[in-house]
1. State which residue pairs qualify: first residue at negative phi and touching a residue at least 24 places away in the same chain (Cβ under 8 Å) and inside region 31-44, second residue open to solvent by 10 Å² or more (accessible area, probe 1.4 Å) and among the acidic types (Asp, Glu) in any location, beta carbons under 9 Å apart, and separation of 6 or more residues or different chains.
2. Taking the condition touching a Phe, Trp or Tyr at 6+ places or on another chain (Cβ under 7 Å), of a type in the set (Val, Ile, Thr) and closer than 15 Å to LEU140 by Cβ, does ILE21 pass?
3. So ALA50 fits all but one of (1) part of a helix (DSSP H, G or I); (2) within 19 Å of ILE125 (Cα to Cα); what number is the exception?
4. Would you be able to tell me the number of residues in region 100-150 that are surrounded by 14 or more Cβ atoms within 10 Å (Cβ to Cβ), touching a helix residue (DSSP H, G or I) at 6+ places or on another chain (Cβ under 8 Å) and of a type in the set (A, V, I, L, M)?
5. So which of PHE19, PHE61 ends up being in contact with a helix residue (DSSP H, G or I) (Cβ under 6 Å, 6 or more places away or on another chain) and either crowded, with 16+ Cβ neighbours inside 10 Å or of a type in the set (A, V, I, L, M, F, W, C) (or both)?
6. Which one is most open to solvent (accessible area, probe 1.4 Å), of the residues in region 83-99 that are in contact with a helix residue (DSSP H, G or I) (Cβ under 6 Å, 6 or more places away or on another chain) and part of a helix (DSSP H, G or I)?
7. Here is a list: THR7, THR27, THR77. Which entry is out of contact with any Pro (no Cβ under 6 Å at 6 or more places or on another chain), under 15 Å from ILE125 (Cα atoms), of a type in the set (Val, Ile, Thr) and surrounded by fewer than 23 Cβ atoms within 10 Å (Cβ to Cβ)?
Amino acid sequence: MKTKKMTALALVAALYLLFSIAPFSFTTIQFRLSEALTILPMFYFGNVYAITLGCFLANLFFSPLAVYDALIGSAITFLAAICTYFIKNPFLAAVPPVIFNAVGLPLMWYFIGGDTAYWINFLSILISQAVVIYAVGIPLYYAAKKYRFFEGFDKRKLD
């Protein structure tokens with residue numbers, strides 16, 4: 001079972017990284033397809049780490065803010081993933097990644113990059129995150145549930 005879990009987590013992290021290498025992943029209007037995966041912590045706590053690792057690597061290698069985005073952006077993703085883990089309803093579980101990114105990313109851009117358009121960036125990220133997570137993430141949740149991708153994984157622990 002440990003091999004299955006490690007393989008699943010590696011796949012989630014790799015998919016996050018892969019889906020982040022797309023147009024509009026590192027712009028103000030940020031339709032980052034990989035954010036659809038942020039719903040997966042609902043199934044298994046290990047997905048919190050997988051999503052965070054994928055985000056860290058994507059930001060480190062592809063973000064214009066590199067190290068700052070890798071550290072701060074991944075911390076935002078980590079906190080949102082933990083909150084998502086504790087929510088039972090997928091429509092509500094999609095809220096933390098939307099809100100955390102909408103609040104946190106424009107703050108990072110303001111303090112690190114000097115971007116002063118906080119409220120415009122906030123609305124842009126809020127809308128783009130919501131579109132990706134609700135249009136792709138929610139169907140992904142139901143597909144993973146239907147095909148029992150995380151079946152047998154104890155939701156509470158990472159053994």
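The values are calculated or read from the model by the stated rules, or taken from the named source; none is laboratory data. Since we're looking at a predicted model, the values are computed, not measured. Counting neighbours? That spans all protein chains shown, and the Cβs are built from the backbone with ideal geometry, glycine included. When the accessible area is computed, the model is the full protein with side chains, heavy atoms only, and any ligands, DNA or RNA have been set aside. Shrake-Rupley method; radii C 1.70, N 1.55, O 1.52, S 1.80 Å.
1. Once the first residue is at negative phi and touching a residue at least 24 places away in the same chain (Cβ under 8 Å) and sits in region 31-44, its partners that are open to solvent by 10 Å² or more (accessible area, probe 1.4 Å) and among the acidic types (Asp, Glu) give TYR44/ASP154.
2. Details: touching a Phe, Trp or Tyr at 6+ places or on another chain (Cβ under 7 Å): yes; of a type in the set (Val, Ile, Thr): yes; closer than 15 Å to LEU140 by Cβ: no.
No: the conditions fail for ILE21.
3. Answer for ALA50: the failing condition is (2).
4. Residues in region 100-150 being surrounded by 14 or more Cβ atoms within 10 Å (Cβ to Cβ), touching a helix residue (DSSP H, G or I) at 6+ places or on another chain (Cβ under 8 Å) and of a type in the set (A, V, I, L, M): 14 in total.
5. On the way: PHE61 fails: in contact with a helix residue (DSSP H, G or I) (Cβ under 6 Å, 6 or more places away or on another chain).
On inspection, the qualifying residue turns out to be PHE19.
6. If we filter region 83-99 for residues that are in contact with a helix residue (DSSP H, G or I) (Cβ under 6 Å, 6 or more places away or on another chain), which is where we start, we get 83-85, 87, 90, 93-94, 96-98.
Applying the additional criterion that residues be part of a helix (DSSP H, G or I) yields 83-85, 90, 93, 96-98.
On the way: CYS83: 52, THR84: 0, TYR85: 22, PRO90: 12, ALA93: 0, PRO96: 11, PRO97: 3, VAL98: 9 Å².
Among them, the one singled out is CYS83.
7. Details: THR7 fails: under 15 Å from ILE125 (Cα atoms); THR77 fails: surrounded by fewer than 23 Cβ atoms within 10 Å (Cβ to Cβ).
Going through THR7, THR27, THR77 in turn, the sole match is THR27.
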